[in-house]
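Remarks on the structure that follows.
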Amino acid sequence: MTSNDVIPILALVRDLLFSSRISATARAINRQVKIIREPAQLVNENGNLLIVDLNLAGAVEAAATWKTGRERQVVGFVSHVDAQTIAKARGLGIDRVMARSHFVEVLPKLLGEAVEADIE
């Protein structure tokens with residue numbers, strides 16, 4: 001598989017700090033990330049992994065719809081005190097829901113796992 005054949009990781013993130021961090025981490029492991037700023041733009045995007053800021057209005061629903069009926073993985077990060085959004089995301093089938101602080105810690109591993117999945 002060439003780098004042109006690799007499906008990018010999608011990131012539904014409006015926050016510039018998090019989008020920059022995700023992009024920089026992806027570049028460090030030679031992986032492409034497509035940043036999407038608005039939940040409505042996610043509908044027709046192709047990918048196998050979506051990273052999503054669950055505190056973004058409409059993001060939980062958009063991520064759940066994007067995943068429906070396909071073998072796709074969604075990893076969401078959220079404020080650790082936002083129990084309502086955490087419960088909603090889990091109820092709608094978001095694969096992994098984690099606190100923002102934990103997300104920052106595991107981001108390199110998470111993106112590395114995505115690369116390994118493409119190689120298999």
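Things to note:
- Cross-chain or 6+ apart pairs with Cβ under 9 Å, segment 84-101 first and on the phi < 0 side of the Ramachandran plot and of a type in the set (K, R), then modelled with pLDDT of 95 or more and in a helix (DSSP H, G or I): K88/V60; K88/E61
- Test: residue in segment 87-94 that is more than 20 Å from R14 (Cβ to Cβ), in a loop (DSSP other than H, G, I, E, B) and not basic (K, R): yes
- Criterion: in contact (Cβ under 8 Å) with a residue 24 or more places away in the chain and at positive phi - qualifying residue of N46, N30: N30
- Residue in segment 4-17 that is modelled with pLDDT under 90 and under 12 Å from the mean Cα position of the chain (by Cα) present: yes
- Identity of the residue in segment 54-88, among the aliphatic types (A, V, I, L, M) and under 17 Å from V106 (Cβ atoms), that ends up farthest from the chain's Cα centre (by Cα): I86
- Subset of segment 5-40 that is polar (S, T, N, Q) and in contact with a strand residue (DSSP E or B) (Cβ under 8 Å, 6 or more places away or on another chain) - its residue that is farthest from F77 (Cα to Cα): Q32
- If only residues of segment 68-86 that are assigned to a loop (DSSP other than H, G, I, E, B) and touching a Leu at 6+ places or on another chain (Cβ under 8 Å) are counted, the one that is nearest to I7 (Cα to Cα) is R72.
- E71 being within 18 Å of R90 (Cα to Cα), among the charged types (D, E, K, R) and without any contact (Cβ under 8 Å) to a residue 24 or more places away in the chain: yes
- Candidates I51, I29, filtered to the one that is closer than 23 Å to E105 by Cβ, surrounded by fewer than 19 Cβ atoms within 10 Å (Cβ to Cβ) and of a type in the set (V, I, T): I29
- Residues within segment 32-67 that are more than 20 Å from P8 (Cβ to Cβ) and in a loop (DSSP other than H, G, I, E, B), tallied: 4
The values are calculated or read from the model by the stated rules, or taken from the named source; none is laboratory data. If you're wondering where the values come from, they're calculated on a predicted model, not measured in any experiment. Every residue, glycine as well, gets a Cβ built from its backbone with ideal geometry; the counts of neighbours run over all protein chains shown.
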